[in-house]
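Report on one structure; see the data block that follows.
We did not get these values from a lab; they are worked out from the coordinates using the rules stated. Source: prediction; values computed, not measured. Don't worry about glycine lacking a Cβ; one is built from the backbone with ideal geometry, like all the others, and counts go over all protein chains shown.
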């Protein structure tokens, strides 16, 4: 709390003289009377409420010359009085007595004001203007220093005016005005243009005020987070020092490496330009190899499947029942056939391959579905190429219904046909000599009805799917290739 005991203004001296005349007059009156009146009979400023009241404490940084019994007003209406003024550190605590009929919000504000230019001080209470009213002011509440203020004193206003008139630089205004006139003389258009640009700039800033405030708020949040991680950031910056030191020491080596990299780029460009024709020729030479790999299709995955079941073919698991493989062997004990086989086995290299043993088939063959149309013309089938499958035929080639080719390794359906080494024999819808991928199986619908005098194709009997194999002369290599099939 600040107390002013000396005032340099004449108006203040006059006000003090007027205030001192009142006690003097009271003294003369008391002396002249016979019986002095009591203190309760004296008229005091302000005055407390006549009915019930509640007490509120207000904190001020400066109460000026506020005294007890001063008035407490709300909207210029007296609603109470000042009971006590005390000092707590550098803060003045004013205890007020307010009429209980007066209702104020809990976040009310207080101010020390003056009734007139030379009038007495009083405490003004009011509702907050910059925020919403909350709660009700009641007994024992405290209005903190952050919600109080005081009005300017006459002495302060006159002192500031005197400082401005005596030493505030008003004498230099003429000089400033003359210098500004000389500076803008002949440059009025430039000054106007600068003002227009400044107006445009200020208008742009005003239009983006919300964005600027949002950016400042985001920057504030970023600064708060960086301040919370100051130790981590400091550690990271400290960790950069050794790396920067190494880079500084190896600057010459890095420069040399970058220079050498540029020279390497030039050499590489020259080499590529000189070997361009050879590179293109090499790529063209790779085209047949890549084409054959594409034609191989899914043979590689199937060969891997065969490796997993070696030395048995992949379809051997279909003939395994309860951990045992069912095999049906047909033994040819004909002495002539045995002697013929022995002679063929001992024949020199280049001799004719073994012939298929003719074994009578007891089960009847399934009915072959009728075939519509004749044999496909060779023009539809490229006889000089390996046909990947019947689904690869051209649009002009029509097949009988259900005539399909099964990929190598598939189970042979009853009545199906497995061309030896992929070469199709006469008796199918395909022209004789057409080549398929070895192991490809033709379904029964692809078999033509046997012509008179032409031997029928060896097809799989109905029992072959359960492990029954019709005997055929061959060796282990024939077994590893996928089994012996008629």
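Some observations on this one:
- Long-range neighbours under 9 Å by Cβ, at least six apart or interchain, first residue in contact (Cβ under 8 Å) with a residue 12 or more places away in the chain within segment 254-271, second assigned to a helix (DSSP H, G or I): none
- Of all the numbered requirements in (1) out of contact with any helix residue (DSSP H, G or I) (no Cβ under 9 Å at 6 or more places or on another chain); (2) surrounded by 12 or more Cβ atoms within 10 Å (Cβ to Cβ); (3) over 21 Å from residue 91 (Cα atoms), residue 200 misses one, and that requirement is (2).
- Flag if residue 172 is within 30 Å of residue 158 (Cα to Cα) and either more than 28 Å from the chain's Cα centre (by Cα) or touching a residue at least 12 places away in the same chain (Cβ under 8 Å) (or both): yes
- Counting the residues of segment 82-101 that are buried (at least 20 other Cβ atoms within 10 Å of the Cβ) and under 24 Å from residue 154 (Cβ atoms) gives 3.
- Residue satisfying condition, being part of a helix (DSSP H, G or I) and in contact with a helix residue (DSSP H, G or I) (Cβ under 8 Å, 6 or more places away or on another chain), within set 233, 289: 233
- For residue 144: the one exception among (1) free of Cβ contacts under 8 Å to residues at least 60 places away in the same chain; (2) within 55 Å of the chain's Cα centre (by Cα): (1)
- When the residues of segment 132-168 are filtered to those that are part of a helix (DSSP H, G or I) and touching a strand residue (DSSP E or B) at 6+ places or on another chain (Cβ under 7 Å), the one that is nearest to residue 66 (Cα to Cα) is 145.
- Scanning segment 381-392 for residues that are assigned to a loop (DSSP other than H, G, I, E, B) and surrounded by fewer than 17 Cβ atoms within 10 Å (Cβ to Cβ), we see that the one that is nearest to the chain's Cα centre (by Cα) is 389.
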